[in-house]
Amino acid sequence: MPTYRRFIPVLFSALLSSVATHTYAVEPDSDWDTVLEEARGQTVYFNAWGGSDRINNYLAWVAKELDTRHGVTLEHVKVGDIAEVVGQLEAAKLVGRNEDGNVDLMWINGENFAAMKRNELTWGPFATHLPNSRYVKDSPSIKADFSVSVDGLESPWGGAQLVFIHDSAAVASPPRSADALLEFVRGDGRFSYPAPPAFHGTTFIKQLLIELSAESASSTQALSEPVEKADFNAITEPLWRYLDALHPLLRGAGKSWPTSGEMTRQLLDDGEVDIALSFNPNEASAAVRGGQLPDTVRTYVFDNGTIGNTHFVTIPWNATAKAAAMVMSDFLLSPEAQARKADPEIWGEPTVLDVALLDEADQARFNDVDLGVWALPIGTGSVLPEPHASWTVALENAWIERYGQ
């Protein structure tokens, strides 16, 4: 990631002044023609996870389209954990670096967005002024990010839901609840999950917590509010009791863990586990076509539903290329870009658009996407809301204290 921006020598200070005035002229609610004009010639530094070839290739296509259509250069700054970028922005805020920032756009959601909103690290409500935002679904998980109101400070990019992938040739009837999963491993079923704070592992224990506390109305309400308001020990006690019973029966016996959801998929392909985890309902379809899973795999969710959420992009308050960041955010919402992303041959992620709002030609783009039999069947299972963002770190810390190596 670049740590500075080059400045034009003093000889051209007058020119620099005029360029700087132009650079920072755009506002979140600026006329779109003004945004397009200002964006041309800018470079947008997009900080996003770089651990997937499919996603990286998709962003390479986005870069070509932005350059061709809008004269915008996209630099994908590949990061392992966006929380590190949030930390850098917090440090910049503390020292008063309120312009000329190194991050123009970032891929974010959950506790990281909550931290940015809390510390006023976002630019403004730009998302509601993007032309393609009119096609976005009217969804609770788009209006609120892990129970934190979005308020236009981030633009939706993709949908997600916790799913389980199994090989139907080995397991015909996979477990469809937390209790059934425990019985499955007690009967020599093979399973494991990534150790928190790995994202899939944290999501899995949140899923268990929601299900195990579902009988208590007070617990359900508490999960939607900041963790500081809750009796954490009382609410999480059923979770730790469950995990105490589960861990000795897992692959690795609770002493070694997969490092990611992708690793559980590899373990499934290698025949070391019977069930893999993913946060993409179409992951199996893409993996089968990529030769990473056998064509006998199928995707399912628990009978009472699984956690789902939306991931977003946001513009930091001190971004240099705000106009270009807005143009990219809008392009990521375009029916063309969303349909391409939904294709398992490309990425295979569910769209955030309400396809019914699109014209006939754009609806056809989505109708042409073939998810195959390996993806989660459309309309299967309910989507459960994420707990409040503050629960994420609290649960991770408690898990590490109990089970970390």
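Overview of values
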quantity	calculated
Residue, farthest from His311 (Cα to Cα), within segment 162-181, restricted to residues that are surrounded by 19 or more Cβ atoms within 10 Å (Cβ to Cβ) and either modelled with pLDDT under 95 or out of contact with any Asp or Glu (no Cβ under 9 Å at 6 or more places or on another chain) (or both)	Leu181
Scope segment 363-405; condition surrounded by fewer than 15 Cβ atoms within 10 Å (Cβ to Cβ), within 25 Å of Arg289 (Cα to Cα) and charged (D, E, K, R); matching residues	Asp368, Asp370
Hey, Leu246 hydrophobic (A, V, I, L, M, F, W, C), on the phi < 0 side of the Ramachandran plot, assigned to a helix (DSSP H, G or I) and touching a residue at least 24 places away in the same chain (Cβ under 8 Å) or not	yes
Residue count, segment 335-348 (criterion: more than 19 Å from Asn47 (Cα to Cα), surrounded by 18 or more Cβ atoms within 10 Å (Cβ to Cβ) and either of a type in the set (Lys, Arg) or touching a residue at least 40 places away in the same chain (Cβ under 8 Å) (or both))	5
Enumeration of residues in segment 338-366 that are under 19 Å from the mean Cα position of the chain (by Cα), among the hydrophobic types (A, V, I, L, M, F, W, C) and assigned to a helix (DSSP H, G or I)	Ala339, Ala342
Residue match in segment 302-323 (condition: modelled with pLDDT of 95 or more, among the small types (Gly, Ala, Ser), assigned to a helix (DSSP H, G or I) and assigned by TED's automatic domain parsing to the domain that holds Gly124)	yes
Total residues in segment 209-227, condition more than 16 Å from Ser147 (Cα to Cα) and crowded, with 19+ Cβ neighbours inside 10 Å	4
Of all residues making up segment 116-141, the number that are under 16 Å from the mean Cα position of the chain (by Cα) and either among the basic types (Lys, Arg) or crowded, with 20+ Cβ neighbours inside 10 Å (or both)	2
Residues located in segment 117-131, provided they are in contact with a Pro (Cβ under 8 Å, 6 or more places away or on another chain) and not hydroxyl-bearing (Ser, Thr, Tyr)	Leu121, Trp123, Gly124, Pro125, Phe126, Ala127, His129
Residues that are touching a Ser or Thr at 6+ places or on another chain (Cβ under 9 Å) and closer than 21 Å to Glu345 by Cβ, drawn from segment 289-332	Thr296, Val297, Arg298, Thr299, Leu332
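The values are calculated or read from the model by the stated rules, or taken from the named source; none is laboratory data. Keep in mind the model is a prediction, meaning the values are calculated, not measured. Glycine gets a Cβ as well: all are built from the backbone with ideal geometry, and neighbour counts include every protein chain shown.
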